[in-house]
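The values are calculated or read from the model by the stated rules, or taken from the named source; none is laboratory data. Model, not experiment: these values are computed from the prediction. Note: ideal-geometry Cβ built from the backbone for every residue, glycine included; neighbour counts use all protein chains shown. Side chains are part of the model used for accessible areas, which takes the heavy atoms of the whole protein and leaves out ligands, DNA and RNA. Shrake-Rupley method; radii C 1.70, N 1.55, O 1.52, S 1.80 Å.
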Amino acid sequence: MTRTYPGALPFLKMQGLGNDFVVIDRRGQGNVIGMCSRSARALADRRLGIGCDQVAVLRDDSEGDDGHDGSVDAAVDFWNADGSPADACGNATRCIGRLLMAENGSDVVRVRTGRGVLSVHATGDGEYSVNMGRPMRHWSEIPLARDVDPEALPIDGTPVAVSMGNPHCVFIVDEHGLSGPEERGPEIECHPLFPERTNVEFVHVVNRNAIRVRFWERGTGVTPASGSGSCAAAVAAHLRKLTERRVSVQLDGGSLEIDWRDDGVWMKGPANKVYSGRLDPELLESLE
C-alpha cells in the first residue's frame, strides 16, 4: 500500500567553489525522513537522486550553549556521498552560515557540528569566513592505526597526516603530482594506517604565500574544492616549513584563503545558492 505524504520535503542545493551540497532543514520537525546512510546515498546520487558531494541536515541544537558567549544558532549533520557520516565539512559550514545569517540578520553565527561549535562570519565582500578549529596532530587524534610520526608517514611520498575534525593525508608534490587524486586517491583513502579511511590532498607549493591543491574526498572521490582539505593542506605545507601560516589555496573550483592563527585555522571563501526544490513523495517512499 502506498503511503500518502502530506507534502514533499523542501531542500536547497548550495555549493562552494564547485563542492556541492543538498541542504535539508528539519529544525522543529523531528526526524522527517529518518536520515541514514541509505537515504543520504540516495539523495547524493547524481542520476537517481539530486546529486551532491555531501548532504547537510540542519536540526535543532539539543546540547545547549557550549559555555562561550552567545548561543548556538543551529546544529548540522553531514553525510558523504557514499552514505558515511562526516564530522566536518568546511565549504558546507560556510553555506549553512550564509543561510542562518539571512534568517536572523546577523553577520556572525555559531553552528554545532561533529567537529564542535564553529563560528561563521560574513566578511563584507560577499564571502564568508569560518574558524575550523585547531588542527589535531597527535597520531591517536587523527586517528592513525598505530604510533607513527604524523609529519612523515611511512607511505610512499612521506605524506603528512592531520585532522580537521576528519582525517587527512597530505602529499607535497611537484606539478606532475597533481594528477594524484585520480591515480592514488582510492588506494590512500583505504590505507591500513587510517582506520576510519581518510581524505587525501596533493599539494604543489607555488610560493610561500600560495599553494595549488587537488582533492580526493573520503566517501565522495575527486572534488573541485574541499574546505577542511584546504585547511589540512595549508597546515601540512607550513609544518614542512614551505609556506607562511596564511596562504592562498588554488583549487580546481577557485581559491580559498587559509590563515592558521592561534585560535584555529580560518578559512575564507564564497557560499552560493544554486536552486531550491521539493523531494517528490515517490523518492521519499524509496528512502524508508
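Results, tabulated for the structure shown:
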quantity: Surface accessible to a 1.4 Å probe, residue 282 within the full protein complex, Å²; calculated: 140
quantity: Structure-derived Cα extents along the principal axes in Å: which label, when the choices are (i) 69, 46, 33; (ii) 53, 38, 34; (iii) 59, 41, 33; calculated: (iii)
quantity: Accessible-area ranking of 169, 190, 36, largest first, probe 1.4 Å; calculated: 190, 36, 169
quantity: Cβ crowding within 10 Å averaged over residues, with 143-155, 90-102 ranked highest first; calculated: 90-102, 143-155
quantity: Relative contact order [Cα under 8 Å, 6+ residues apart], the chain, whole percent; calculated: 20
quantity: Cross-link reach list, lysines versus residue 13, counting only Cα pairs under 16 Å and skipping chain neighbours closer than eight places; calculated: 273
quantity: Solvent accessible area, Å² - residue 25, 1.4 Å probe, full protein context; calculated: 60
quantity: Surface accessible to a 1.4 Å probe, per residue, for the residues of the stretch 246-286, Å²; calculated: 50
quantity: Segment residue 263-residue 280, length gained on full extension (0.36 nm per residue, minus Cα span); calculated: 1.7 nm
quantity: Total formal charge among the other residues, if their Cβ is under 14 angstrom from that of residue 139, Lys/Arg +1 and Asp/Glu -1; calculated: -3
quantity: Relative contact order %, the stretch 176-288, counting alpha carbon pairs below 8 Å whose residues are six or more apart; calculated: 18
quantity: Helix 90-104 vs. the chain, principal-axis angle (Cα, 0 to 90°, nearest 10); calculated: 40
quantity: Degrees between helix 227-239 axis and first principal axis of the chain (Cα, 0 to 90, nearest 10); calculated: 20
quantity: Gap separating the Cα centres of the stretch 36-54 and the stretch 203-230, nearest whole Å; calculated: 23
quantity: Accessible area of the chain belonging to carbon and sulfur atoms, whole % at 1.4 Å probe; calculated: 46
quantity: Förster radius 35 Å - calculated FRET efficiency between residue 8 and residue 106, Cβ distance, rounded to 0.05; calculated: 0.70
quantity: All aspartates and glutamates inside 17 Å of residue 268 as judged from Cα atoms, apart from same-chain residues fewer than 8 positions distant; calculated: 20, 107, 125, 127, 244, 252, 257, 259
